[in-house]
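Data block below; observations after.
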Amino acid sequence: MNKINVKYITVSGVMAALSFVLMLLEFPLAFIIPSFIKFDFSDLPALITSFAYGPIYGVLVCLIKNLLHLLITKTSGVGELANFLLGAVFVFVAGIIYKYYKSRTGAVVAAISGAFAMAVISLPVNYFITYPFYITLFHTTSQGIVGAYKVIYPNINTLSGALIVFNMPFTFAKGLIDSIICFIVYKKLSPILKTKD
């Protein structure tokens, strides 16, 4: 049992390093969401780990990834905290469901549920943690941030409205894309992850 746990932790560390690299490869999708919000695939290794070893190890990958990113942070750790909270919710919910329903259908339900949970938790995390920090950092107001959303959709008038209309669907879609890629590669990776050697 101890040998397996050591292996799980070791692989989680490797997956966290991969997550960190993927986090650096972020890119904007300015045509659908303000350019200061970036898309990346850094939750993918955590999701794979969560399915393979359980939700705690998936959360561990999210934690290590963001601890590594603290070394180059531009947000005094606030961006990393928000990223950890969202990613941890995603992989924990997906992992805990899959733990008890290990089938293709169970994996689909788990991934969708995790993506949905991440989208829902993104509302309070962004509203109470991320955006207040950015408002202070850039000496702006909530309406100043809303202005970036209004360029894309003029009917947005409040920060909460912007988060519901833009950030929540974006976060949900991000989780679904990670999930689809996970389904594509998991079967090939599973024999390597599950080996006892």
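The values are calculated or read from the model by the stated rules, or taken from the named source; none is laboratory data. Everything quoted here is computed from the prediction, not taken from an experiment. Cβ coordinates were reconstructed from backbone atoms using ideal geometry, including for glycine residues, and neighbour counts include every protein chain displayed.
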When only residues in segment 5-30 that are among the polar types (S, T, N, Q) and surrounded by 13 or more Cβ atoms within 10 Å (Cβ to Cβ) count, which is nearest to the chain's Cα centre (by Cα)?
-> Ser19
Residue among Ser12, Ser35 that is among the small types (Gly, Ala, Ser) and either modelled with pLDDT of 95 or more or touching a Phe, Trp or Tyr at 6+ places or on another chain (Cβ under 7 Å) (or both) = Ser12
Within segment 136-159, identify whether any single residue is charged (D, E, K, R), under 21 Å from Phe31 (Cβ atoms) and touching a residue at least 40 places away in the same chain (Cβ under 8 Å), and answer yes or no.
-> no
Filter result for the condition that a residue is over 24 Å from the mean Cα position of the chain (by Cα) and among the hydroxyl-bearing types (Ser, Thr, Tyr), over Thr140, Thr130, Thr171 = Thr140
Looking at this structure, is Lys65 free of Cβ contacts under 8 Å to residues at least 60 places away in the same chain and part of a loop (DSSP other than H, G, I, E, B)?
-> no
In this structure, is Ile48 in a helix (DSSP H, G or I) and surrounded by 17 or more Cβ atoms within 10 Å (Cβ to Cβ)?
-> yes
Which condition breaks for Ser42 when tested against (1) surrounded by fewer than 23 Cβ atoms within 10 Å (Cβ to Cβ); (2) not β-branched (Val, Ile, Thr); (3) not in a helix (DSSP H, G or I)?
-> (1)
So which helices (runs of 4 or more DSSP H) are wholly in segment 93-176 and hold at least 3 residues that are β-branched (Val, Ile, Thr) and surrounded by fewer than 16 Cβ atoms within 10 Å (Cβ to Cβ)?
-> 104-125
So, in segment 111-126, of the ones that are touching a residue at least 40 places away in the same chain (Cβ under 8 Å) and of a type in the set (A, V, I, L, M), which residue ends up nearest to Ile181 (Cα to Cα)?
-> Ala111
